[in-house]
1. Can you pull out every residue in the range 82-94 that is buried (at least 18 other Cβ atoms within 10 Å of the Cβ) and not hydrophobic (A, V, I, L, M, F, W, C)?
2. Name the residue that is farthest from Val9 (Cα to Cα), counting only residues in the range 68-81 that are out of contact with any Leu (no Cβ under 8 Å at 6 or more places or on another chain) and either polar (S, T, N, Q) or surrounded by 14 or more Cβ atoms within 10 Å (Cβ to Cβ) (or both).
3. For the range 32-53, which residues satisfy the criterion of being surrounded by 15 or more Cβ atoms within 10 Å (Cβ to Cβ) and either of a type in the set (A, V, I, L, M, F, W, C) or assigned to a loop (DSSP other than H, G, I, E, B) (or both)?
4. Within the range 100-124, how many residues are within 21 Å of Tyr48 (Cα to Cα) and free of Cβ contacts under 8 Å to residues at least 24 places away in the same chain?
5. From Ser28, Ser24, which residue is surrounded by fewer than 17 Cβ atoms within 10 Å (Cβ to Cβ), farther than 19 Å from Val9 by Cα, in contact (Cβ under 8 Å) with a residue 40 or more places away in the chain and over 15 Å from the mean Cα position of the chain (by Cα)?
6. What is the number of the single condition among (1) assigned to a helix (DSSP H, G or I); (2) touching a strand residue (DSSP E or B) at 6+ places or on another chain (Cβ under 7 Å) that Ala67 does not meet?
7. Would you check which residues across the range 8-43 are farther than 26 Å from Leu86 by Cα and β-branched (Val, Ile, Thr) and list them?
8. Report whether or not Phe18 is in a loop (DSSP other than H, G, I, E, B) and surrounded by 16 or more Cβ atoms within 10 Å (Cβ to Cβ).
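Taken together, the values in this text are just the output of simple stated rules run on the coordinates, not laboratory data. Computed from a predicted structure; not experimentally measured. As a convention, Cβ positions derive from the backbone with ideal geometry for all residues, glycine included, and neighbour counts pool all protein chains shown.
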Amino acid sequence: MTEGEVVQVLLEYFNSLFPKVCPSCNRSFATLLEYIQVTQRVGVPISYDADDNDWHTEQPIGSAALANCPCGSTLSLTTDHMPLALRLELLGWVRMETQRRGLSPSELLEYIRNEIHKRALGLA
């Protein structure tokens, strides 16, 4: 997979998670774009498998990116419902790219998060 393909796959997957509702205030985010525009990022994305150096898992835990709703509640976008084969392919890509670029998994995922935001906002 190329970087562009990874960004596109993740953009489509995260778009499929909407509408999303904040469990604290019941605010509804109709689209990923609205979610990006209204929430505030919290930290950097995490790949639990990559951070544990569990590169050959058959049952990946997955990844999560956190953001705060305007009410202050923390929301997450995760890969929990992504098809297993795709999760494994993306984990392999993260492994190769972190080694090639000399980045930590979270640094690479933050870069990818920024690229997803640019595409969602129509900036790329």
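1. Arg87 - this is the single residue of the range 82-94 that is buried (at least 18 other Cβ atoms within 10 Å of the Cβ) and not hydrophobic (A, V, I, L, M, F, W, C).
2. Here the residue is Ser73.
3. Leu32, Leu33, Ile36, Thr39, Val44, Ile46, Ala50
4. Final tally of qualifying residues: 8.
5. Ser24
6. Checking Ala67 against (1) assigned to a helix (DSSP H, G or I); (2) touching a strand residue (DSSP E or B) at 6+ places or on another chain (Cβ under 7 Å), the one that fails is (1).
7. Start the filter on the range 8-43 by keeping residues that are farther than 26 Å from Leu86 by Cα, which leaves 22-28, 37-40.
Listed by number, the residues that qualify are Val38, Thr39.
8. Spelling it out, Phe18 is indeed in a loop (DSSP other than H, G, I, E, B) and surrounded by 16 or more Cβ atoms within 10 Å (Cβ to Cβ).
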